[in-house]
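The values are calculated or read from the model by the stated rules, or taken from the named source; none is laboratory data. What you see is a predicted model; the values in this text were computed from it and never measured. Reconstructed Cβ throughout: ideal geometry from the backbone, glycine too, with neighbour counts over all protein chains shown. Remember, those area values only see protein heavy atoms, side chains included, never the ligands or the DNA or RNA. Shrake-Rupley method; radii C 1.70, N 1.55, O 1.52, S 1.80 Å.
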Amino acid sequence: MGNAVVRILTSHNTNPISLTRMIYLLYGSDTYRSRQKLREIIETYKTKAGLAADIHRFDLEDDPPERAAEALKTASLLSSAKKLVVLEYVFSGAADVDELWGPLAAVRNAPETVVALWDGAVNKKTAARWRAAEKITAKSQEFSALDGATLARWIAEEAGRRGIVLAPRERFALMGFGPDTWRIVHALDKIALGATDIGGPEAALPDSAIFALGDAFFADPRRAYVLLHELLGAGREAHQIFAYLAGQARAVLAARASGEVRRPIPKDVGVHPFVAKKAGVAAGRLGKELIGRIQSDFLDEDYKIKIGLITADESLVRIILKLGGPCGRAEPARRA
């Protein structure tokens, strides 16, 4: 293999992984996404190595660390090939896992060995081992729990990978699983097979309540304000509502752009036909400038939520109040 570079590109992480780097560390509370990345590293190595693939995989909750240490020290069966050593539960494994740091440091710059370290979230008990692992890795990536608009986008990406266009009710149900990405992908697989009942937590108010908010958002901001507080008071997640309304705003923007060229919204935009129809009505009622401003407001508020300047419920109130203010409402768009 020499020093050939292997790159991995995914929809969730646009940073390429080059297998010329020797030690990778994947960790975090979102074990589905970190496992997915680990599988990508293994499959990329196998594709590049072909028949010369030499993989050693150890679960440090069960496998003796000395076996893993021996694999790190032993040359590949084919002297011209790289070997891949995968160490799982490197923070939370056996009590004597610390004896691996020496062998790992020794292969840090060894061109014939690629190492992938994997574990879950770091806690007080495992922090020392995490710090030790960070010191010897060439690339470290944390997979934190997704929420809010970030989770909604990830769900849309995973649905797209399966060729699914999610109905609003399905999006709500999936968002109801919160950051449990394992349950979400299982539910998506069920939807792909035609299932209509994917389980999940039920909201205190029916879905019709949040649909009513979506309708009122563009037509009657005062009513939308009342409905928002009813939903929040009934226990609906603010991030879930924010993601829904942001999606509605994108749909209206897409409907407006498509209307200008007198074409339907492209299928790859991912707007459900029922939503597209309602978005077209809203786009015809609102001016182009107001539609663009609403979308811009959602992007600005989403950024503020992500960096912790504001909460999702506060952002929703700000957007609705701004929409209902003296500069928010626009006259119905006039036909040319």
Note to self: Using a Förster radius of 30 Å, what is the FRET efficiency between Glu134 and Ala106 based on their Cβ-Cβ separation? Nearest 0.05, please.
What the structure shows: 0.95
Margin query: For the range 104-251, compute Rg over Rh where Rg is the Cα radius of gyration and Rh is the Kirkwood radius from the inverse mean 1/r over Cα pairs.
Written below: 1.13
Next item on the list: Can you tell me the alpha carbon radius of gyration of the range 66-169 divided by the globular rule-of-thumb value 2.2 N^0.38 Å?
Entry: 1.44
Item checked: Amide H contacts of Ala116 (H built 1.01 Å from N, under 5 Å, at least 5 apart or other chain) -> Tyr24, Val85, Val86, Leu87
Next item on the list: Rank these residues by their accessible area, most exposed first, probe 1.4 Å: His56, His229, His186.
Entry: His186, His229, His56
